[in-house]
Amino acid sequence: MRVRRTGTADRGSIALFVAICAAGLVMVIGIVLEAGGRLRAIETADARAQEVARVIGQQLDETALLRGGGFLLTQDVNAARAAADAYLAPYGLHAEIAFRNGNTVLVDIRAQYRTTLLGAFAVQSLEVHGRGSATLVHGVKEAETA
């Protein structure tokens with residue numbers, strides 16, 4: 001008497017399903033980790049840009065102050081660049097600096113986020129941008145209106 005086996009054509013299909021799902025899950029986890037790392041890098045770049053703006057904001061135009069022109073940021077780009085470079089040198093970063101209205105400095109920093117898991121797909125680094133600004137206020141008695 002011959003015993004007939006049923007379902008032999010499906011043998012091993014669960015193992016294939018698990019392997020496909022596991023590979024997809026690893027890819028999703030990798031993307032989430034890289035996205036989180038990139039967001040941390042952006043946050044760090046923003047914080048450093050804000051600190052550079054604060055440092056540059058402390059560079060006052062002494063000539064205008066002595067002439068009675070009030071407190072203004074120095075428009076000397078070399079002095080601002082030296083202050084920014086002194087702050088950013090330990091991080092190996094460079095800042096783009098712009099002035100507005102004599103009392104506001106705008107800072108833009110470009111940094112690289114080195115990927116970990118995306119390196120397997122030939123993506124070694126991603127560029128991130130940080131932006132910050134500082135406005136010099138002195139003796140403010142009420143809010144400024146634009």
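The values are calculated or read from the model by the stated rules, or taken from the named source; none is laboratory data. All values derive from a computational prediction rather than experimental measurement. As a convention, Cβ positions derive from the backbone with ideal geometry for all residues, glycine included, and neighbour counts pool all protein chains shown. For the accessible areas, the whole protein counts, side chains as well, though only heavy atoms, and no ligand, DNA or RNA atoms are used. Shrake-Rupley method; radii C 1.70, N 1.55, O 1.52, S 1.80 Å.
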Checklist line | Lone unmet requirement of (1) surrounded by 14 or more Cβ atoms within 10 Å (Cβ to Cβ); (2) modelled with pLDDT of 90 or more; (3) more than 17 Å from residue 85 (Cα to Cα) for residue 34 | finding: (2)
Check: How many residues are open to solvent by 60 Å² or more (accessible area, probe 1.4 Å) and not charged (D, E, K, R) when one looks only at the range 107-127?
Finding: 7
Note to self: Considering only the range 96-103, I want to know if a residue exists there that is part of a helix (DSSP H, G or I) and open to solvent by 50 Å² or more (accessible area, probe 1.4 Å).
What the structure shows: no
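Would you check if residue 16 is surrounded by 11 or more Cβ atoms within 10 Å (Cβ to Cβ) and either at pLDDT 80 or above or of a type outside the set (Ser, Thr, Tyr) (or both)?
On the way: surrounded by 11 or more Cβ atoms within 10 Å (Cβ to Cβ): no; either at pLDDT 80 or above or of a type outside the set (Ser, Thr, Tyr) (or both): yes.
In short, no.
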Margin query: Name the residue that is farthest from the chain's Cα centre (by Cα), counting only residues in the range 94-103 that are over 15 Å from residue 84 (Cβ atoms) and touching a residue at least 12 places away in the same chain (Cβ under 8 Å).
Written below: 102
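Which of the residues belonging to the range 128-138 are open to solvent by 80 Å² or more (accessible area, probe 1.4 Å), touching a residue at least 40 places away in the same chain (Cβ under 8 Å) and over 23 Å from residue 90 (Cβ atoms)? Even if it seems obvious, please write down each step before you answer.
Step one: list which residues in the range 128-138 are open to solvent by 80 Å² or more (accessible area, probe 1.4 Å), which gives 131, 137-138.
Going one step further and asking which of them are touching a residue at least 40 places away in the same chain (Cβ under 8 Å), we end up with 131, 138.
Correct list: 138 only.
So if I check each of 105, 128, 52, which one is modelled with pLDDT of 85 or more and under 30 Å from residue 26 (Cβ atoms)?
Details: 105 fails: under 30 Å from residue 26 (Cβ atoms); 52 fails: under 30 Å from residue 26 (Cβ atoms).
That would be 128, the only listed residue that is modelled with pLDDT of 85 or more and under 30 Å from residue 26 (Cβ atoms).
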Note to self: Any residue at all in the range 71-79 that's surrounded by 10 or more Cβ atoms within 10 Å (Cβ to Cβ) and modelled with pLDDT of 80 or more?
What the structure shows: yes
Margin query: Name the residue that is surrounded by the fewest Cβ atoms within 10 Å (Cβ to Cβ), counting only residues in the range 37-48 that are charged (D, E, K, R) and in contact with a Gly (Cβ under 7 Å, 6 or more places away or on another chain).
Written below: 46
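Restricting attention to the range 49-69, and to residues there that are of a type outside the set (Val, Ile, Thr) and touching a strand residue (DSSP E or B) at 6+ places or on another chain (Cβ under 6 Å), which single residue is most open to solvent (accessible area, probe 1.4 Å)?
Within the range 49-69, the subset of a type outside the set (Val, Ile, Thr) is 49-51, 53-54, 57-62, 64-69.
When the remaining residues are screened for being touching a strand residue (DSSP E or B) at 6+ places or on another chain (Cβ under 6 Å), the result is 49-50, 53-54, 57.
Working: 49: 0, 50: 81, 53: 0, 54: 104, 57: 15 Å².
The selected residue is 54.
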